Amino acid sequence: MVGRRRWTALVLLAVACLLGSGCAARTVTADRAPVAERQVRVTTTTTMITDAVHRIGGDRVQVTGLMGPGVDPHLFKASARDVRLLRDADLILYGGLGLEGKMGDLLADLAARQPTAAVTDGIPRTALLTHTGSPEPDPHVWFDVALWEDQARTIADRLAALDPRHADVYRVNLDSYLAELTALDAEVRERIAAIPPAQRLLVTSHDAFAYFGRRYGIEVAAIQGISTAAEATTADVERVAELLATRRVPAAFIETSVPRQTVDALLAATAERGFRASIGGELYTDSAGEPGTPEGTYTGMVRRNAELIASALGAPGREG
Amino acid sequence: MTADDLTIVLVAGLTATACGLLGPFLVLRRLALLADAVSHAVLPGIVAVWLIAETRAPVPVVAGAAAFAVLCVLGIDAVRATGLVASDAAIALVFPALFSLGVLGITRYASDIHLDLDSTIYGEIAFTPFDVVTIAGVDLARAGVVLAVVVLLNLVLVTALWKELRATTFDPHFGRVTGLRPRLLSRLLLVAVAITAVSAFEAVGAILVVTMLIVPAATAFLVTRSLAAMVAVAVAVGWVGAVAGHVLALTFDSSIAGAMGLVCTGCFVVALVASPRGPVARLLRGRRRVPEFFGGDVENPGPAPSPR
């Protein structure tokens with residue numbers, strides 16, 4: 001009898017939990033003043049989005065990014081604070097296109113209950129790249145500055161919709177940001193065009209630069225595909241080494257969010273073919289640099305990447 | 001504590017309950033690493049679902065993962081049953097084979113997409129309050145609903161087969177003689193663990209499940225003298241981990257699952273030190289003999305104690 005009573009108690013406990021979790025799932029948030037009278041609370045995912053919201057929102061927004069510098073958006077681990085950042089946000093902005101993995105699916109569903117948007121929503125679908133063997137678009141859209149302009153417009157639209165009384169503030173900030181982006185776009189194009197045509201080949205460990213390559217006219221070869229989970233095969237390394245050696249491309253690049261062993265293996269394989277290539281430097285891929293440094297912003301990160309690529313691949317130094 | 005915090009604690013508590021009902025059997029049958037094995041062995045299931053349906057949606061992914069989880073545990077059971085390989089080696093033989101199959105599958109067919117355990121099957125407990133389903137007009141945390149169902153299934157299994165599971169856990173040979181079917185019971189238990197693990201991975205992430213299956217049960221093992229008490233204490237320790245772990249995570253803004261796991265491990269250390277059979281008690285009593293536990297010593301548990 002004692003045993004039975006204990007089990008009954010456990011069943012009741014389980015039922016109570018179920019009911020309890022139901023009540024708890026209802027959103028209970030603190031009273032909030034209308035957004036026009038205070039800063040708009042925006043929660044973002046990647047450092048690039050955080051930076052763009054800072055630029056467009058200015059003093060009107062209080063932005064908090066879930067992911068710090070150097071975080072692979074796919075492997076992001078949430079902390080206890082992130083629950084409140086999401087719940088208390090007036091607006092949640094994320095990358096979308098599968099960049100945030102499972103969390104992205106969750107945010108897409110959350111859009112029905114809370115103002116949430118993927119910044120890539122504003123990009124025309126025809127502008128997206130899809131790799132062979134994948135039915136899904138490549139999410140690394142931020143390396144095409146023109147596509148980033150689309151994303152900046154989406155951010156401004158969402159802020160203006162939420163806080164219409166200050167729509168003109170967002171408009172003005174957006175316009176100055178867009179002007180800066182247009183200049184950056186031209187600058188990157190010019191730097192990449194300065195690379196001798198035969199050496200215009202960007203070799204990286206994983207495939208994050210397809211949009212960059214398309215926009216700025218540089219061929220892109222990656223040792224491994226989009227997935228950071230599968231390891232590169234020897235055949236992959238040999239294939240890219242052959243390409244480097246025959247084209248006599250002086251450098252390959254490592255990425256901030258991927259281990260460098262594959263690139264080291266590549267350089268060894270290239271050396272066996274009698275051609276010595278070097279490491280061109282570390283490119284920012286899935287996140288910008290430390291806040292407060294020039295690379296901590298989106299524009300700084302893109303500029304730094306372009307400069308590294310151009311100088312390592314033999315573009316003459318910048319004038320002035 | 002906000003409503004979100006309450007949801008997280010309740011979901012973790014349900015995980016603790018589902019796991020605490022099965023964990024003691026795993027610890028006593030020396031299958032403690034089973035959940036860890038399952039967490040890797042599901043990879044080919046995810047690749048297979050991708051190849052067949054090109055989807056990463058939760059339902060097909062969980063189904064594919066569950067199929068390989070069951071294959072994994074039955075494989076371990078089969079290797080063990082040969083009598084030539086011990087339990088630990090059986091686990092270590094089966095899951096790397098399945099994981100390798102998954103890695104080969106990704107390299108061969110899916111290197112151009114992000115197909116990995118983190119982005120498909122492993123959930124994150126922090127996000128459970130944001131993933132809701134509406135049932136009869138009430139918004140429920142989806143993870144809570146899934147885990148409540150798992151708790152009920154495990155409860156039914158363990159209560160219905162309590163005597164049989166207990167007898168075969170402590171002495172499979174005795175069980176066979178008395179007409180029980182130890183192999184069948186063992187398989188049922190392992191399949192329950194596989195289903196529990198996969199559903200809970202999807203709801204709250206892998207590390208919390210691996211922790212909740214074993215650490216509370218191992219803690220309970222140190223401080224109880226009957227199987228029923230061991231199960232009850234395992235569930236209770238899991239709940240302590242859920243509540244205190246969440247408070248810890250909020251205080252230090254850390255990973256929620258990590259903090260809960262750490263609290264459970266803390267409970268284990270306290271139990272180890274303060275157990276009636278632990279070093280402190282031994283020093284106080286001034287004797288070295290390990291008192292009788294479960295009718296035998298820890299290395300070789302004897303038959304179960306007679307029912308009270």
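The values are calculated or read from the model by the stated rules, or taken from the named source; none is laboratory data. Being a predicted model, the structure only gives us computed values, none of them experimental. Cβ atoms come from the backbone with ideal geometry, glycine included; neighbour counts cover every protein chain shown.
Numerical summary
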{"quantity": "Verdict on B:Thr178 being more than 8 Å from chain A (Cβ to nearest Cβ) and either buried (at least 23 other Cβ atoms within 10 Å of the Cβ) or not β-branched (Val, Ile, Thr) (or both)", "calculated": "no"}
{"quantity": "Output for segment B:51-67, where each listed residue is more than 19 Å from the chain's Cα centre (by Cα) and surrounded by fewer than 22 Cβ atoms within 10 Å (Cβ to Cβ)", "calculated": "B:Leu51, B:Ile52, B:Ala53, B:Glu54, B:Thr55, B:Arg56, B:Ala57, B:Pro58, B:Val59, B:Pro60"}
{"quantity": "Evaluation of A:Ala167 against (1) surrounded by fewer than 20 Cβ atoms within 10 Å (Cβ to Cβ); (2) touching a strand residue (DSSP E or B) at 6+ places or on another chain (Cβ under 8 Å); (3) not assigned by TED's automatic domain parsing to the domain that holds A:Asp286 (one fails), failing number", "calculated": "(2)"}
{"quantity": "Condition check for B:Val263: away from every other protein chain (no Cβ under 13 Å), crowded, with 19+ Cβ neighbours inside 10 Å, under 20 Å from B:Asp5 (Cβ atoms) and of a type in the set (A, V, I, L, M)", "calculated": "yes"}
{"quantity": "Filtered residue count, segment B:211-230, keeping only those that are β-branched (Val, Ile, Thr) and buried (at least 24 other Cβ atoms within 10 Å of the Cβ)", "calculated": "4"}
{"quantity": "Criterion: farther than 23 Å from B:Ile207 by Cβ and without any contact (Cβ under 8 Å) to a residue 12 or more places away in the chain - qualifying residue of B:Ala53, B:Ala3", "calculated": "B:Ala53"}
{"quantity": "Of residues in segment A:57-84 being in a helix (DSSP H, G or I) and within 23 Å of A:Asn173 (Cβ to Cβ), the one nearest to the other protein chains (Cβ to nearest Cβ)", "calculated": "A:Gly57"}
{"quantity": "Residue within segment B:127-139 that is under 18 Å from B:Val193 (Cα atoms), within 13 Å of chain A (Cβ to nearest Cβ) and not in a helix (DSSP H, G or I) present", "calculated": "no"}
{"quantity": "Some residue of segment A:132-153 being free of Cβ contacts under 8 Å to residues at least 12 places away in the same chain, buried (at least 19 other Cβ atoms within 10 Å of the Cβ) and aliphatic (A, V, I, L, M)", "calculated": "no"}
{"quantity": "So A:Thr120, is it under 14 Å from A:Thr44 (Cα atoms), among the β-branched types (Val, Ile, Thr), part of a helix (DSSP H, G or I) and within 19 Å of the chain's Cα centre (by Cα)", "calculated": "yes"}
{"quantity": "Selection count, segment A:133-153, where residues are assigned to a helix (DSSP H, G or I) and within 14 Å of chain B (Cβ to nearest Cβ)", "calculated": "0"}
{"quantity": "From the options A:Gly68, A:Gly57, residue that is over 27 Å from B:Gly258 (Cα atoms) and either at pLDDT 90 or above or not hydrophobic (A, V, I, L, M, F, W, C) (or both)", "calculated": "A:Gly57"}
{"quantity": "Any pair with Cβ under 6 angstrom, 6 or more apart, that starts in segment A:109-120 at a residue that is in the same structural domain as A:Gly95 (by TED's automatic domain parsing) and ends at one that is assigned to a strand (DSSP E or B) and among the β-branched types (Val, Ile, Thr)", "calculated": "A:Leu110/A:Thr116; A:Thr116/A:Ile92"}
{"quantity": "Tally of residues being assigned to a helix (DSSP H, G or I) and without any contact (Cβ under 8 Å) to a residue 24 or more places away in the chain across segment B:237-263", "calculated": "9"}
{"quantity": "Out of B:Leu157, B:Leu101, B:Leu165, sole residue that is outside any loop (DSSP other than H, G, I, E, B), within 14 Å of another protein chain (Cβ to nearest Cβ) and crowded, with 21+ Cβ neighbours inside 10 Å", "calculated": "B:Leu165"}
{"quantity": "Number of positions in segment A:85-132 that are in contact with a Gly (Cβ under 8 Å, 6 or more places away or on another chain), over 16 Å from B:Ala126 (Cβ atoms) and at the interface with chain B (Cβ under 9 Å from one of its Cβ atoms)", "calculated": "2"}
{"quantity": "Long-range neighbours under 7 Å by Cβ, at least six apart or interchain, first residue at pLDDT below 95 within segment A:84-95, second part of a helix (DSSP H, G or I) and charged (D, E, K, R)", "calculated": "A:Arg87/B:Asp4"}
{"quantity": "Odd one out for B:His40 among (1) over 30 Å from B:Pro172 (Cβ atoms); (2) of a type outside the set (Asp, Glu); (3) within 14 Å of chain A (Cβ to nearest Cβ)", "calculated": "(1)"}
